[in-house]
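Note sheet for the following structure.
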Amino acid sequence: MKQDVLFISDLHLALEKPEITRRFLGFLQQRAIEAKSLYILGDLFDAWIGDDDNTRPIPSIKNALKQLSDAGTEIFLLQGNRDFLLGQDFCRETGIRLLDEYAIIELNGQRILLTHGDLLCSDDLAYQAFRSKSHSPEWQQNVLSKPLWLRSDSGTLVSVAQLLS
């Protein structure tokens with residue numbers, strides 16, 4: 001019976017980082033497949049411009065996560081400061097359960113608080129102001145309503161400042 005609970009964060013997967021992606025896919029197939037649960041605590045991707053983005057290496061990552069979920073490993077995800085636009089479509093495709101920005105789990109009789117941690121950067125007022133704006137449903141709907149080609153520039157993320165203009 002599966003018992004291990006695994007935690008990962010800040011992998012920053014991207015096309016430009018094929019070795020990290022290769023290692024992550026290997027981890028899913030060889031180690032995580034034996035675990036009861038996998039918690040991804042944010043920034044799985046270096047940037048996430050919407051659940052409709054299926055450029056490389058996203059399809060292979062989605063497929064591997066779905067295979068892991070189908071094999072009985074529960075997968076949970078907290079959004080990070082780089083992939084806060086990860087949404088329900090991505091979760092449905094992969095079998096992942098999206099968690100709130102603060103989540104409390106019980107593990108071996110202990111209550112544990114999970115968070116990505118960017119909320120704890122309270123001295124960074126500019127970031128916190130951006131974070132507050134960028135997590136609003138209106139802002140996200142505005143960004144995600146733009147065509148994928150505008151949200152990306154030949155696979156390179158357009159700066160958030162450009163999206164806001």
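Each value in this text was obtained by applying a stated rule to the coordinates, not by laboratory testing. The shown structure was predicted, so the numbers you read here are calculated from the model rather than taken from an experiment. Neighbour counts run over all protein chains shown; Cβ positions are idealised from the backbone, glycine included.
Odds and ends about this structure:
- Residue with peak Gaussian network fluctuation, the chain [Cα springs, cutoff 10 Å], from Gly109, Gly87, Gly26: Gly109
- Positive-end ranking of Leu68, Ser122, Ser37 along the dipole of the chain, with charges on Cβ about the Cα centre, is headed by Leu68.
- Angle between the chain longest axis and helix 125-134 axis [Cα atoms, degrees, rounded to 10]: 80
- Residues whose placed amide H lies under 5 Å from that of Arg82, excluding near-sequence neighbours: Asp43
- Net charge of the neighbourhood of Leu144, taken over other residues with C-beta under 12 Å away and scored Lys/Arg +1, Asp/Glu -1, is -3.
- Too-long pairs where the Cα-Cα distance tops 21 Å, listed order kept, from Lys62/Lys133; Lys2/Lys66; Lys36/Lys62; Lys17/Lys133: Lys62/Lys133; Lys17/Lys133
- Neighbour net charge for Thr73 - beta-carbon separation under 14 angstrom, K R +1, D E -1: +1
- Given +1 at the Cβ of Lys and Arg, -1 at the Cβ of Asp and Glu and no other charges, the dipole of the chain around its Cα centre is 340 debye to the nearest 20.
- Over all other residues within a Cβ to Cβ distance under 13 Å of Arg82, the charged ones net out to -3, with Lys and Arg as +1 and Asp and Glu as -1.
- Sorted fewest first by neighbouring Cβ atoms within 10 angstrom, Phe24, Phe90, Phe130 come out as Phe130, Phe24, Phe90.
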